[in-house]
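Here the structure comes first, spelled out in structure tokens, and everything after it is commentary.
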Amino acid sequence: MAVSYKELGFVNTQEMFKKAMEGGYAVPAYNFNNLEQLQAIINGCGRSRSALILQVSKGARNYANPILLRNMGKGAVEMARELAYDIPIALHLDHGDSYGLCVSCIESGFSSVMIDGSHLPYEENVTLTKKVVGYAHKHDVSVEGELGVLSGIEDDVQAARSVYTQPEEAEHFIEKTGVDSLAISIGTSHGAYKFKPDQCTRNKEGVLVPPPLRFDILEEIERRIPRFPIVLHGASSVLPKYVDLINNNGGVLEAAVGVPEDQLRRAAKSAVCKINVDSDGRLVVTAMIRKIFSENPAEFDPRKYLGPARDELMNMIIEKNKKVLGSAGRY
Ligand code: G3H
Ligand code: 13P
Ligand code: ZN
């Protein structure tokens, strides 16, 4: 039986993007796959008084079961109310790859869906996105499209190199499809290896510094389509603190480089209204679990290693909302 997101207590992204655009900040979109990530995200955004987009990928649905995930989302909204977190929460499908998947999510209570046709020929992307918008808007659900290709690894999609979004195509795409927001490619990519070391320079602490994002493309898109909500995928910073903790406790992450926080801060002040973060959360959790196992190899109560991992993830989210996205303290 179909259920509306309104019955579950979610909101679509319309109002939160309007407020983010006016306030010069970006709403965080955090991916979750399990209970501890969800607790950290709700408490992190609740305590920092930030709007929240809870993201579920196709891979997350396969991992955790779609019915369970949706009910976890519903439970999270109830928990937020109980704890008096007065923040809007959207439940969003990340990288939806078909019309059927988007419809299934909308019917099961998602308030926002992404249809990622970025790997299709342009006209096919337009046709598919328009079809999803037609269905979603009948249910008051927001739709995110994507134009341009991010390099890196997504769930079922692998792109060897990025193809930057063309501003004139973006203008045409938005007009033809009626999407509510658009993910663009300006140099970010998914995962922990966003830039090759030979693309980077080293700062005086020896940390790899990647080339800047293509703000010229972003500005041209803003000029052509003023006040239209833009989305940045692949926006984790790959914080050296957690990469080091992993490597110092038996892990092997070589030359992992993310998007510098000052670049994201600049983007968040522009038409970028949504910033996607998954890898940073994965790194925090892995770093904490590795540290705890190194320090106490006899530990076998999951609460003793998942609990601290969850708490550190919450703290990372609070810091990111405050210092990078600027979404903290708005509700
Ligand atoms: O962009 C992809 C997200 O990080 C989701 O990753 O498909 O492995 O769940 P996943
Ligand atoms: P990161 O891999 O940089 O966290 O990006 C996540 C993302 O774009 C989810 O859609
Ligand atoms: Zn993404």
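Just so you know, all these numbers are worked out from the coordinates, no wet-lab data involved. Computed from a predicted model, the values in this text were never measured in an experiment. We place every Cβ from the backbone using ideal geometry, glycine too, and count neighbours over all the protein chains shown.
Skipping prolines and chain starts, which residues have an amide H placed within reach, meaning under 5 Å, of the one on residue 191, given they are 5 or more residues away or on another chain?
Here the answer is 279, since their amide H atoms fall under 5 Å of that of residue 191.
May I ask you to derive the relative contact order of the stretch 244-307, considering only C-alpha pairs under 8 Å and at least 6 residues apart, and to give it as an integer percent?
Values: 27 pairs, mean separation 28.2, N = 64.
Reported relative contact order: 44 percent.
I need the phi-derived Karplus couplings for the stretch 179-190: 6.51 cos²θ - 1.76 cosθ + 1.60, θ = phi - 60°, integer Hz, Gly and Pro marked x.
Working through the residues one at a time gives 4, 8, 7, 9, 7, 10, 10, 10, x, 7, 7, 6 Hz.
Once phi is turned into ³J(HN,Hα) by the Karplus curve 6.51 cos²θ - 1.76 cosθ + 1.60 with θ = phi - 60°, what whole-Hz value does each residue of the stretch 258-267 show in order, with x for glycine and proline?
x, 8, x, 4, 5, 5, 5, 4, 4, 4
Would you list 301, 280 from fewest to most Cβ contacts within 10 Å?
301, 280
Please list, in chain and number order, the residues 5+ apart from residue 57 or on another chain whose amide H is under 5 Å from its amide H, with Hs placed from the backbone.
Placed amide hydrogens put 32, 94 under 5 Å from residue 57.
For the stretch 244-250, in order, what is each residue's ³J(HN,Hα) by Karplus, 6.51 cos²θ - 1.76 cosθ + 1.60 with θ = phi - 60°, in whole Hz (x at glycine and Pro)?
Values per residue, Gly and Pro as x: 5, 4, 5, 5, 7, 10, x Hz.
Measuring from centroid to centroid over Cα atoms, what is the spacing of the stretch 228-278 and the stretch 60-107 in Å?
Each part reduced to its Cα centre gives a spacing of 23 Å.
If you take all C-alpha pairs in the stretch 30-165, what percent of them are over 20 Å apart?
49 percent
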